[in-house]
Amino acid sequence: MNTWFKSGLPWVWLNAGAVAISLILVVGLLALIASRGLGYFWPDPVMVADYKAPEQQALKVAGAIIRSEVVPIKYLRAADINTENLPETVNRSLLQTGTGGLTDINYVWLIKPWLHKIRYPTDILTIERQENSNFHGYLKSVKENGATVANGKQAFPELVNRIERTKNIYKAIEDIQRHHIVEINEKLEQLRLKKRRQELNNTFSHTQEQTTDTQQAQFKHQYQQYTYKLNQLYKALSRDSYTILTADGTLIEQPVSNIVRAYHPNNLSITEKIALYFNKLGEFLLESPREANSKGGIFPAIFGTIMMVILMSIFVTPFGVITAVYLHEYAQQGTITRIVRIAVNNLAGVPSIVYGIFGLGFLVYFVGGNIDKLFFPEALPAPTFGTPGLLWASITLSILTLPVVIVATEEGLSQIPTSIREGSLSLGATRAETLWHVVLPMASPAMITGLILAIARAAGEVAPLMLVGVAKLVPNLPVDSSYPFIHLDQKFMHLAYHIYDFGFQSPDVETSRSLVYATALLLILIIVTLNFSAVVLRNHLREKYKRLES
């Protein structure tokens, strides 16, 4: 036994076991996140049943079962529920009622022994709405301006056609609002700022005033034309409606303009379910959020996260490499250099919220405020760069991750043999040429390693971003067709903050729980993709300069 311990084999097996357990935990966590998140988009069957609790009137309920659980009867007694004739443990299910907007109750717990006549009718309709939760009922008719145009079996195909019509109208409205009206507002703002700039410089003449007034009048006329078109489109949205019968026999009429999609959940084939699943998944990935971020897509958050990481990488890489090169290649190795290295290592342990406060105080208010005074005085007191935005968020995170890049790059530089430097110098190369053509290429894998670590940390940060640029809802992307095309002063959405918003700010807890899992899985996939791309580049560079190292 002593020989076995002295051989070191127990520690080998211990390390192997720890690695195996870690891998199992990671894979299990990812599987949990994937199952909970991706399962949200699968269409659930809709149950219709009679529900009769002791000493209460019988009710007809309809909805999708979100989840089920087994609970001890004492929990029900604690909630003042009559538990007469119930076993010691009962099965209860959470039902999404499908009456959101009509009642204050979107979800209700049902005790399984009190459910009777459970059925899954094929003609029941699920309606996903722009606002409120899904609605379930029996479609009776479709109306146009109050007059019935289809009922019975013809009602559903007609409803589908009307839904497509409203989607086209929404696209036209979005095109006018996000392109034409935004463009006109930007041109009007540019004219105002130009006039203000000339007034500050005392160069604004009467002729220029007339020209400016003429251009403003033209833009305002165009604005009125687009406003009229918008009013006509909104009137067209209110044209169609439908009547639907709820499970309890109530006939209600609702506008078609509030529908995202409608389908018969209990009458879908497996092919139709798969098609609907990918349709919902595509909406989640490519659309903008709606209804306080609790529905719709998260594309602005995906775009904002990727763009912030790219900008952060552009900022942190050159500064980190230059600092590491100076400390290792040029700085005199003494007390001051050792203190600087200690300070760099300590910066890696500073809480991220401290960097956020620094970014808000120094970058936003001081640097951004002075940029506004120097280059945008005509816009004051409205800030241009003196407010949180994409630029300051990227720079703040680059400062946060700078120690990681410095340490990794310096480690790579220290692994390059001195003989290679001396050989280059002996062949007549200068020190700068040796650094640029020999040392830095050989150290590039270490630089990429530092960048990988920086991306992994920065992509998941939330605390500093809440202070220097991230916002709850910014449907407009920071990149568009308007000059200067990349709007670094604009606030943006971020996946990590979106997860926080889903988890703690959403009014629909049950829906947001699944979306938290889906968004977390997407954030992990984005980080893994960025890191994998950097690893591939690092391995390519490592193989490229392997011969030089040997």
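The values are calculated or read from the model by the stated rules, or taken from the named source; none is laboratory data. The structure presented is a predicted model; accordingly, all values stated were derived computationally and were not measured. Neighbour counts run over all protein chains shown; Cβ positions are idealised from the backbone, glycine included.
Yes/no per residue for (1) at pLDDT 90 or above; (2) surrounded by fewer than 16 Cβ atoms within 10 Å (Cβ to Cβ); (3) in a loop (DSSP other than H, G, I, E, B):
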residue: Asn266; (1), (2), (3): yes, no, no
residue: Lys273; (1), (2), (3): yes, yes, no
residue: Leu276; (1), (2), (3): yes, no, no
residue: Met308; (1), (2), (3): yes, no, no
residue: Leu311; (1), (2), (3): yes, no, no
residue: Ile314; (1), (2), (3): yes, yes, no
residue: Gly320; (1), (2), (3): yes, no, no
residue: Tyr326; (1), (2), (3): no, yes, no
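For region 328-345, a residue qualifies if it is loosely packed, with under 14 Cβ neighbours inside 10 Å and in contact (Cβ under 8 Å) with a residue 24 or more places away in the chain, and exactly one does: Asn345. When Pro388 is tested against (1) within 30 Å of Lys195 (Cα to Cα); (2) in a helix (DSSP H, G or I); (3) touching a residue at least 40 places away in the same chain (Cβ under 8 Å), only condition (2) is not met. Against the conditions (1) closer than 23 Å to Met312 by Cα; (2) small (Gly, Ala, Ser); (3) within 18 Å of the chain's Cα centre (by Cα), Ala518 satisfies every one except (1). Exactly one residue out of Leu380, Leu451 is touching a helix residue (DSSP H, G or I) at 6+ places or on another chain (Cβ under 8 Å), outside the structural domain of Gln198 (by TED's automatic domain parsing) and crowded, with 17+ Cβ neighbours inside 10 Å: that is Leu451. The strands (runs of 3 or more DSSP E) falling completely within region 109-216 that include 1 or more residues that are among the aliphatic types (A, V, I, L, M), in contact with a His (Cβ under 7 Å, 6 or more places away or on another chain) and over 30 Å from Lys229 (Cβ atoms) map to 125-129.
Based on this model, can you work out whether Ser68 counts as in a helix (DSSP H, G or I) and exposed (fewer than 15 other Cβ atoms within 10 Å of the Cβ)? The answer is no for Ser68.
Kindly state which helices (runs of 4 or more DSSP H) lie completely within region 399-466 and contain at least 3 residues that are within 24 Å of Ile526 (Cβ to Cβ) and out of contact with any strand residue (DSSP E or B) (no Cβ under 7 Å at 6 or more places or on another chain).
Numbers: elements: 418-426, 431-434, 440-458.
Where helices (runs of 4 or more DSSP H) fall fully within region 399-466 and carry at least 3 residues being within 24 Å of Ile526 (Cβ to Cβ) and out of contact with any strand residue (DSSP E or B) (no Cβ under 7 Å at 6 or more places or on another chain), they are 440-458.
Looking across region 54-65, the residues that are under 30 Å from Glu128 (Cβ atoms) and surrounded by fewer than 16 Cβ atoms within 10 Å (Cβ to Cβ) come down to Ala58, Leu59, Lys60, Ile65.
Just a yes or no: is a residue in region 536-547 outside any helix (DSSP H, G or I) and at pLDDT below 85?
yes
For the criterion of being under 21 Å from Leu286 (Cα atoms), hydrophobic (A, V, I, L, M, F, W, C) and either modelled with pLDDT under 85 or in the same structural domain as Glu189 (by TED's automatic domain parsing) (or both), Val474 passes. Residues in region 71-90 that are exposed (fewer than 15 other Cβ atoms within 10 Å of the Cβ), assigned to a loop (DSSP other than H, G, I, E, B) and among the polar types (S, T, N, Q): 2 in all.
Within region 174-209, the set of residues being modelled with pLDDT under 85 and β-branched (Val, Ile, Thr) comprises Val182, Thr203, Thr207.
Going by the conditions given, is Gly368 modelled with pLDDT of 85 or more and in contact with a strand residue (DSSP E or B) (Cβ under 9 Å, 6 or more places away or on another chain)?
Details: modelled with pLDDT of 85 or more: yes; in contact with a strand residue (DSSP E or B) (Cβ under 9 Å, 6 or more places away or on another chain): no.
No: the conditions fail for Gly368.
So, of the residues in region 396-425 that are among the aliphatic types (A, V, I, L, M) and within 30 Å of the chain's Cα centre (by Cα), which turns out to be surrounded by the most Cβ atoms within 10 Å (Cβ to Cβ)?
Start the filter on region 396-425 by keeping residues that are among the aliphatic types (A, V, I, L, M), which leaves 397, 399-400, 402, 404-408, 413, 416, 420, 425.
Next, from what is left, pick out any that are within 30 Å of the chain's Cα centre (by Cα): 397, 399-400, 402, 404-406, 408.
Values: Leu397: 31, Ile399: 21, Leu400: 26, Leu402: 21, Val404: 24, Val405: 28, Ile406: 28, Ala408: 24.
Within region 396-425, the match that is surrounded by the most Cβ atoms within 10 Å (Cβ to Cβ) is Leu397.
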